[in-house]
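Read the structure below first, then the notes.
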Amino acid sequence: MNSFLLRRLVPFFVAAVVIEFLTFALLLLAEREYVDWAFMPMIKTVGVLIKTTTISFLYMMLPYALYLLILPAKYVNSKFDRFIAAANFSIFIFLNLFEETMSLVFWEKFSAAFNFIAVEYLIDMREIADDISQNYLFIAYIAALIIITFLIVRRAEKFLLTSVPYPRWFKRTIYTAIYVLCCALIYINTDEQELEINENYFNNELSKDGTYSLVRSLWKSDLTYQDFVVKNKDILTSTK
C-alpha cells in the first residue's frame, strides 16, 4: 500500500468530511420537521453522505495524485513541494467552501441537493451574474471565504507534508494507476437511484454531497424539470 500517497491525502479528506458534515448539520437542523430521525434511516443517510463525499474527494484529488506521481524524489518535502501542497490545499478548501455555500443557497430555493436544475441554471452565466449582484454581497462573500480558507490552511499547514518514505517510480505508477482505475470503476458502477435508499425525500437529498450531485447531474441526468416538479410537488409545496 502506498502509505505516502495516503498520508498526503489525509488532511484533504479530513477537511472535506468536516466541511460536508457541518453543511449537513445545518440543513438537518433547518429541515428537522421533515427528516426521518429513526435510527436506520439516519444511518443510511450518513452512510450515503460519506460515500458520495468520498467519491467527490477521489475525483477532486486526481490532479494532486498525478503531481505526487511525477514529483522528483529530491524535491519531496522541499520548499517547492511545500508550496505546491499548500496551494493545492488552499484551492481545495476554497472550492469546497464555495460549493457548500452555493448548496445552501440552492437548497433554500429548491429544497434539494444540486441537480439538473443547477446545471441548466449554470449554463446562462449572465443570469448567474445578475442574480448574484441583485441578491448577494458577492465581493464580501468571496472575501469571507478567502479569509476562512487562509485560517484553515494556516492551521493545517504542518500536516500537509509527511516523513513517510517516498516510493520508487515503478511503485508510484502502479499505485496511481490503481487510483485512476478506482475512479473509473466508481463512475461506471454507481447508480444515482441506488443512492436513494430512504423512503423519506429529505433524508435522500441530505445524503448527497453537493459536488457529487452537480457533476453527476451534468453527466448522467435523465430527469426533466417538469418531472422533478410533478414528482415532488407536495413535498416542495409543504416546505415553502
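The values are calculated or read from the model by the stated rules, or taken from the named source; none is laboratory data. Everything numeric in this text was worked out from a predicted model, so none of it was measured. As a convention, Cβ positions derive from the backbone with ideal geometry for all residues, glycine included, and neighbour counts pool all protein chains shown. Heavy atoms of the whole protein, side chains included, go into the accessibility calculation; ligands, DNA and RNA do not. Shrake-Rupley method; radii C 1.70, N 1.55, O 1.52, S 1.80 Å.
Remarks
- Within the range 167-193, considering residues that are of a type in the set (A, V, I, L, M, F, W, C) and open to solvent by 70 Å² or more (accessible area, probe 1.4 Å), the one nearest to Tyr75 (Cα to Cα): Trp169
- Count of the range 31-46 residues which are touching a residue at least 60 places away in the same chain (Cβ under 8 Å) and either of a type in the set (D, E, K, R) or in a helix (DSSP H, G or I) (or both): 7
- Where helices (runs of 4 or more DSSP H) sit wholly within the range 51-166, those with at least 3 residues that are open to solvent by less than 30 Å² (accessible area, probe 1.4 Å) and modelled with pLDDT of 90 or more occupy 62-70, 79-110, 138-156.
- Residues of the range 91-102 satisfying the condition of being polar (S, T, N, Q) and touching a Phe, Trp or Tyr at 6+ places or on another chain (Cβ under 8 Å): Thr101
- Within the range 1-25, the residues that satisfy the criterion of being in contact with a helix residue (DSSP H, G or I) (Cβ under 7 Å, 6 or more places away or on another chain) and not charged (D, E, K, R) are Asn2, Leu5, Pro11, Phe12, Phe13, Ala15, Ala16, Val17, Ile19, Thr23, Phe24.
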